[in-house]
Amino acid sequence: MPLKWVLHWQPNAGTTVNSQIINEVTQVVESINGIKEGRWKATITFYKPLLRAGFGGEYPRDFLGIALPEQPNKYYLIIRPLRIVLEADSTITMIMEKLQSYKQRVSLNFEGFQYQLGDFQLRVGKVLPNQSENLRGIVMEVEYLPISSMEKARQIMEEFMTIWDQAVLKRALPGHFVHMEPNFGEFGLGDQYTSQHTAVQYAAVMAQLIATVQGRN
Amino acid sequence: MECVVQGIIETQHVEALEILLQGLCGVRREPLKVHEICLKSGPNLGAVPSEVRLICNLEQTEPTWTVRFVGGAMRGAGAEQLSVLVRTVIESKASKNVLRLFYALGYKLDHELLRVGFAFHFQRGTQMTVTVSSVNKMPQLHNTDEAVPVTPGIQLVEVTAPASSETYTEVASAVSSFCEYLAPLLHLSKPGISTGVVPTAAAAAASLMSDGGGTTL
């Protein structure tokens, strides 16, 4: 499958994300001839252990469940500190519910519009807590359709990002998109791109968003 | 949800059962070799203690994994009157690191089994599966090559059919009718209610073997 980079918006020091930035970013996409195609939505859910005696040092503090639009019948479970990513059918969410060992806590939706730009597909999205309009972050997926190898596509992805940065620079926005590539090898993933790579990138973006919020408080 | 009945048969009569099933189902048998790992939740984990099965299909070139949750049997006067057990079953295919994930979540190995035999998948009033397998235990952890039968000379027969809360009475009735055809060779009942081998098995098997299943029992 085509590879993609998932980037997150890093606000400049002293600034926060707001919906005006989304509007500006959308205008940047349109200024470089991106054609609007439709809506997309991914969801990350935090699962936390349910402990009978309130003590459980040996269990992970939480794990992430991720639903991606590119694989609507699949679901991804990630224990990030242990570098485990599991791909399962969506029915795994029903199994987790029946087991009653971990409970769904917070869910965050990543949603917005998709754009076609030659061989690239861009998805810009707001990060919103479930059933809330309280903007927590902005993400952008950059997908390069002709190539599946992460390494082979690296140069063209970097070139695209250079063009993108120049387009953004003109608008003097209070921040920029950051690409932090996780070490996929640690998760047992290879150079050929899969949806598990996407899930791992979303988990990394999630960690960055939390770090940004905590850094501000 | 599924409807299920189980029974046992002596290994010496399995060939006769296969001939009978072949005639009844009108489809070819499929080989069956699955490694089943039963996990239980660790101390204090979960609102209630829980159990989950990881099933590795060893028949395929690349083994595939399924997470299987089996819920409690349906209760009530209606369920009591049925000759089959109706229970919740949820399955999800998963990537091969699923055992590592469940260990990381705090699940512990309870026991593991290797089932070797064959299965028939067919339509007869409803979608049904019959499995005939020897159940083996492993003296060494995960070592399926050195598995030994739990009950030498005896094989487990299981008839299952997917159902829903709307259809289970019809499905149960279709399963019961099908079981009647097998009655001369083995008795099928709700799991946990062992009825042993049937006295007519040897004669029925001899009859089937002599004419290849052409005689109506």
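Inside the stretch B:153-193, can you point out the residues that are part of a loop (DSSP other than H, G, I, E, B) and under 14 Å from the mean Cα position of the chain (by Cα)? Spell out the reasoning first.
From the stretch B:153-193, those part of a loop (DSSP other than H, G, I, E, B) are B:153, B:163-167, B:183-188, B:190-193; that's our starting set.
Those that are part of a loop (DSSP other than H, G, I, E, B) and under 14 Å from the mean Cα position of the chain (by Cα): B:L188, B:K190, B:P191, B:G192.
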Any chance the stretch B:55-67 includes a residue that's at pLDDT below 95 and either part of a strand (DSSP E or B) or over 30 Å from A:K98 (Cα atoms) (or both)? yes
Where A:S31 falls short, out of the listed (1) within 12 Å of chain B (Cβ to nearest Cβ); (2) more than 25 Å from B:S95 (Cα to Cα); (3) of a type in the set (S, T, N, Q): (1)
Complete set of residues in the stretch B:68-95 that are facing chain A (nearest Cβ under 9 Å), out of contact with any Phe, Trp or Tyr (no Cβ under 6 Å at 6 or more places or on another chain) and in a strand (DSSP E or B): B:R68, B:F69, B:G71, B:T88, B:E91, B:S92, B:K93
Out of the stretch A:38-73, which residues are farther than 20 Å from A:L128 by Cβ and buried (at least 20 other Cβ atoms within 10 Å of the Cβ)? A:P49, A:Y59, A:F63
Per-region count, the stretch B:7-47, residues within 14 Å of chain A (Cβ to nearest Cβ) and touching a residue at least 60 places away in the same chain (Cβ under 8 Å): 6
Check the stretch B:133-153 and report whether any residue there is within 15 Å of B:Q6 (Cα to Cα), surrounded by 19 or more Cβ atoms within 10 Å (Cβ to Cβ) and β-branched (V, I, T). no
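Do we have A:F160 as farther than 23 Å from A:T212 by Cβ and more than 14 Å from chain B (Cβ to nearest Cβ) here?
Details: farther than 23 Å from A:T212 by Cβ: yes; more than 14 Å from chain B (Cβ to nearest Cβ): yes.
Yes, satisfied.
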May I ask you to list the residues in the stretch A:61-113 that are of a type in the set (D, E, K, R) and either within 9 Å of another protein chain (Cβ to nearest Cβ) or not in a loop (DSSP other than H, G, I, E, B) (or both)? A:K74, A:R80, A:E87, A:D89, A:E97, A:K98, A:K103, A:R105, A:E111
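The values are calculated or read from the model by the stated rules, or taken from the named source; none is laboratory data. Quick caveat: nothing in here was measured; it's all calculated off a predicted structure. Here Cβ is always computed from backbone atoms with ideal geometry, including for glycine, and neighbour counts include all displayed protein chains.
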